[in-house]
Amino acid sequence: MLFSTDVEKLSQAEAQEELAALAALLARANVAYHGQDDPIMTDAQFDALRRRNTQIEARFPELIHAQSPSLQVGAPAADGFSKAKHAVAMLSLSNAFDPADVEEFDTRIRRYLGLDAQQALAYTAEPKIDGLSLSLRYEDGRLVLAATRGDGSTGENVTANARTIGDIPHQLSNAPAVLEVRGEVYMSHQDFAALNQRQDAAGGKTFANPRNAAAGSLRQLDATITRARPLRFFAYAWGALSEPLAKTQMGAIARLEAFGFKVNPLTKLCDGPDELISHYNKIDEMRADLGYDIDGVVYKVDALDLQARLGFRSTTPRWAIAHKFAAELAWTRLEAIDIQVGRTGALSPVARLAPVTVGGVVVSNATLHNEDYIAGRDSKGAAIRDGKDIRVGDWVQVYRAGDVIPKIADVDLGKRPAGAAPFVFPAQCPQCGSDAIRDEGDAVRRCLGGMACPAQAVEKLKHFVSRGAFDIDGLGAKQVEQFHADGWIREPADIFELRARYGSGLQQLKNREGWGDKSATKLFDAIDAKRNIPLARLIFALGMRHVGQAASGLLALHYGSWEHLCKSVDQAQDRGGESWQDLIGVDGVGAVLAGSLVASMTQPAERAAIDRLVRHLDIETATQPDTQNSPVAGKTVVFTGTLERMTRAEAKARAERLGAKVAGSVSAKTDILIAGPGAGSKAKKAADLGVKTLDEDAWLALIEGL
Ligand code: IVH
C-alpha cells in the first residue's frame, strides 16, 4: 500500500509511483495552505509526507524529478496582487524532530567546515513563529516593498497592507542604503479570539487558527481591512543588503532591534547541541504562556562568515534547521466508526481515523466512549462540544492526554461532507446479532449474547487466563485468540480438555507456527498445574461484571467453598430473602455487585458452562485467616497515599482477612496508618495524634506469611 511500506523494502517501480503521488498531494496541500489559507492537512502531516518523500529520494536519487516537493518552496503567487520578485530567494528550513537530528545537524556542519569536535561552534536558538513570512525592502531607510514568500523567488506585493502593521516601521534611520528585513507576521491568541468573536457577531468568516487569521488578514486586497486586523511582526532574518549588518547572527538581530523592529526575546546564543536542546525544552515549557503560536525552535550558525561558507541546498540553508514540536492536537478525517464488543458485552464505539501524528505518535484509532458521546451529550443529557455530534466523514480534532487512548476533542462542522448522516448506534450486537440493550441509567449498551457471542467469548477467555485469574504459562491473549479462531477453545472448560482432545494428535498443534512437541507438552503441563485453584481466583476468573479481584476475595472468604457459594447464589435469586440479604450484607458487596453475580451465575447457559469447567477443577476452600496469630487482629488501620505493591482494594481485603478493621479516616481510635507516597492530611493528623505510621514495605513485613 502507498505510504505504508518500509522505505527499505520499496521496489523502484513502487518508489516511483509513490513519489508521483506524494508530489501531487504535497502540491495540493501547498496551494491550499499558501494560496487559499485553508489547509487540507495539518503541519505535522505535511512534515511527515515531506520526510517520507526525502527518505525515498535518498534511496532512489535517480527518481528525483523536476516537480519533486524537495525542490519546491511554497506556492505561486495568487491572482489579485501584483508579483514581486525577491532579490534574494526566500527559503524554507529543513526540519529536526528529535535530539539525534540536532546532533546530526551539528556533525554535518562540522564536517562541512572541517572543524573537529573540540573546536568551538556557536549557534543561536529562537522560537519558530507560526505565522507567514514577509520580506520588507527599505531603500535609503524608506519602506518601498513588502512581499510574501510566494514560491520563494516571486511573492505577492502586499506593501499597502504591511504599512498598516504597527510593528513594521515605515522609516529607518542610519540603515544601509538597501536593507531587506525578513520575519514573520503573526496574530496573538488574544487578538485572534477577539477577531473571531467580531467576525462571528458580524456574520463574517471565522478562522480556524491564528496563522490562518494572520494570512487571511495580510492578504486582503483592501488594505483598510488589514488595518482593522491586529497583526504583529517579528524580524529574524534579512535578504539583500548593501552592506553587512554585523559579524554574527546575534549582532545582526541586535541591529534590527536598534532599527526599531521587534525581535524575539527568547533568542539565545548556545555553545552546541546540548545547550540548544535545553533551550528548546525551556521554550517548549513556556509555549502555552507565550500568547502566540510557535511550532518549534530554529537553530542557526552564529558566525555570518561561516553561514556564507555553508551556503544553501536547493531550498534550505545548510546553516539553519527548525527543531519542530510534536503536535499534541491534530485534525484528521473520521473514516469509520467500529463497534467493539467487550468481555461483559459492552458495545464500545471506536473511531477509525486517517492516520495523523499527535504528540509524535501516529494515531489511527480513538475512543468514542458511548452513544451519547457520539451524539454530543454527556451522561446527564447536557451538551458536550456545543452539542456537535460526530459523523463518519467528519474532520475531527484528536488529542492524547498522557498515555491514555487518544480521544476526540472537536468536530469541524464547516468541513462536514454533504450527506453525512448522524451515526445510528446499533441495537443489535454487530458480532452475534443478539439484542443490545441499554439499561436505564447506564451509558453503555450491552450485547445479551453471553458466551454465544464470539467477541464476548474471546474477551472472557482472555480474562480467564489473565494474571489475577488462572494465569496459565504460555496461554496468553494471542494464543487464546488463535485457539478460539480454530474452534479449539470455545469456553473455559475446553482449556482443560486440550490435552485429551489434541494431545494424542499433537501433530495438529505441532504443524502450527511456534508449536513443537516440547512447547505443546509444556502448555498442557502448565494447564494441569492450574486445575488446583483457590476459590477467590476462580470467582474472579469467571469475569462477571462488577466482580473484581477484591470482591472475589471477599466472596470467597464469606462463603468458604464453591458449593456453598453456588447454593447461596441460587437461593438469592428472589432478591429479597435471607440469602440475598446475607449476600448484600457482605462488607464491600453492594446490591449492584450482588445483582450481577446472581444474574450471571443463574443464567442457564452460563451456569452450564461454569459447571462444565468446575468438573475439571480442584477448588481450594477459602479459610478464615488465623487471626489468633495475626498481629493486626482487632486493630483499626487506615490506608493513605499511593500504594505501590497492591491496589487499595487488595490491601483492604488482605487486612480484613487478617482480622483488622479498615477505616477511611484517622481518629484517636486508629491503631496503624499505612502511608504511601503522596500521603497528605491523614499522615499529618496521625502524627498529631501519635498514631503509629508504617510505609507499605513495613506493613507487608508485619503481615508477612499470614
Ligand atoms: S529563518 C533562510 N527564523 O519558518 C531561512 N524562519 O519553515 C530563513 N519561521 O520560511 C528563515 N520563525 O517563515 C527563521 N525564527 C525564525 C522563524 C522562521 C518562523 C518560518 C519562516 C520560514 C519557515 C521555514
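The values are calculated or read from the model by the stated rules, or taken from the named source; none is laboratory data. For clarity, every value in this text was computed on a predicted model and none was experimentally measured. FYI the Cβ positions are ideal-geometry reconstructions off the backbone, even for glycines, and counts take in every protein chain you see. Quick note on the areas: whole protein, heavy atoms, side chains included, nothing else; ligands and nucleic acids left out. Shrake-Rupley method; radii C 1.70, N 1.55, O 1.52, S 1.80 Å.
A few points about this structure:
- Looking only at region 233-265, and only at residues there that are within 13 Å of the ligand (Cβ to nearest atom), of a type outside the set (Gly, Ala, Ser) and in contact with a Lys or Arg (Cβ under 8 Å, 6 or more places away or on another chain), the one that is most open to solvent (accessible area, probe 1.4 Å): 262
- Qualifying positions in region 434-451 - assigned to a loop (DSSP other than H, G, I, E, B) and not hydroxyl-bearing (Ser, Thr, Tyr): 439, 440, 441, 442, 443, 444, 448, 449
- Residues within region 139-187 that are away from the ligand (no atom under 16 Å from the Cβ) and over 20 Å from residue 252 (Cα atoms), tallied: 9
- Hits in region 323-338 (condition: aliphatic (A, V, I, L, M) and in contact (Cβ under 8 Å) with a residue 60 or more places away in the chain): 326, 327, 329, 330, 334, 337
- So residue 275, is it within 33 Å of the chain's Cα centre (by Cα), modelled with pLDDT of 95 or more, away from the ligand (no atom under 16 Å from the Cβ) and surrounded by fewer than 21 Cβ atoms within 10 Å (Cβ to Cβ): yes
Listed here are the residues, each with its yes/no results for (1) touching a helix residue (DSSP H, G or I) at 6+ places or on another chain (Cβ under 8 Å); (2) under 17 Å from residue 33 (Cα atoms); (3) of a type in the set (Lys, Arg).
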residue: 197; (1), (2), (3): no, no, no
residue: 201; (1), (2), (3): no, no, no
residue: 210; (1), (2), (3): yes, yes, no
residue: 213; (1), (2), (3): yes, yes, no
residue: 216; (1), (2), (3): no, yes, no
residue: 220; (1), (2), (3): yes, yes, no
residue: 225; (1), (2), (3): yes, no, no
residue: 229; (1), (2), (3): yes, no, yes
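- Test: residue 354 is open to solvent by 30 Å² or more (accessible area, probe 1.4 Å) and without any contact (Cβ under 8 Å) to a residue 40 or more places away in the chain: no
- Any chance residue 623 is under 21 Å from residue 698 (Cβ atoms) and either in contact (Cβ under 8 Å) with a residue 12 or more places away in the chain or small (Gly, Ala, Ser) (or both): no
- Flag for residue 571 being within 25 Å of residue 441 (Cα to Cα) and open to solvent by 80 Å² or more (accessible area, probe 1.4 Å): no
- Some residue of region 290-298 being more than 23 Å from residue 214 (Cβ to Cβ), crowded, with 18+ Cβ neighbours inside 10 Å and within 15 Å of the ligand (Cβ to nearest atom): no
- Residue within region 367-381 that is open to solvent by 30 Å² or more (accessible area, probe 1.4 Å), in contact (Cβ under 8 Å) with a residue 40 or more places away in the chain, within 25 Å of residue 46 (Cβ to Cβ) and in a loop (DSSP other than H, G, I, E, B) present: no
- Qualifying positions in region 561-598 - in a loop (DSSP other than H, G, I, E, B) and within 45 Å of the chain's Cα centre (by Cα): 575, 585, 586, 587, 588, 589, 590
- Criterion (out of contact with any His (no Cβ under 9 Å at 6 or more places or on another chain), farther than 26 Å from residue 245 by Cα and more than 16 Å from the ligand (Cβ to nearest atom)) met by exactly one of 214, 202: 202
- Taken over region 83-96, residues that are away from the ligand (no atom under 11 Å from the Cβ) and open to solvent by 60 Å² or more (accessible area, probe 1.4 Å) amount to 3.
- Total residues in region 299-325, condition in contact with an Asp or Glu (Cβ under 7 Å, 6 or more places away or on another chain) and within 11 Å of the ligand (Cβ to nearest atom): 1
- Among the criteria (1) within 16 Å of the ligand (Cβ to nearest atom); (2) at pLDDT 80 or above, the one residue 16 does not fulfil is (1).
- Region 99-126 - residue that is part of a loop (DSSP other than H, G, I, E, B) and either touching a residue at least 60 places away in the same chain (Cβ under 8 Å) or of a type in the set (Val, Ile, Thr) (or both) and, of those, nearest to the ligand (Cβ to nearest atom): 122
- The residues listed here are 396, 362, 424; of these, the one that is β-branched (Val, Ile, Thr) and in contact with an Asp or Glu (Cβ under 8 Å, 6 or more places away or on another chain) is 396.
- Matching option when the condition is modelled with pLDDT of 95 or more and more than 16 Å from the ligand (Cβ to nearest atom), among 334, 353, 329: 334
- Residue match in region 219-229 (condition: surrounded by fewer than 17 Cβ atoms within 10 Å (Cβ to Cβ) and touching an Asp or Glu at 6+ places or on another chain (Cβ under 6 Å)): no
- Among the candidates 138, 123, 112, residue that is open to solvent by 40 Å² or more (accessible area, probe 1.4 Å) and among the hydroxyl-bearing types (Ser, Thr, Tyr): 112
Yes/no matrix, rows are residues, columns are (1) open to solvent by 10 Å² or more (accessible area, probe 1.4 Å); (2) within 19 Å of residue 469 (Cα to Cα); (3) at pLDDT 95 or above; (4) small (Gly, Ala, Ser):
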site: 500; (1), (2), (3), (4): yes, no, no, yes
site: 508; (1), (2), (3), (4): yes, no, no, no
site: 511; (1), (2), (3), (4): yes, no, no, no
site: 514; (1), (2), (3), (4): yes, no, no, yes
site: 549; (1), (2), (3), (4): yes, yes, no, no
site: 578; (1), (2), (3), (4): yes, no, no, no
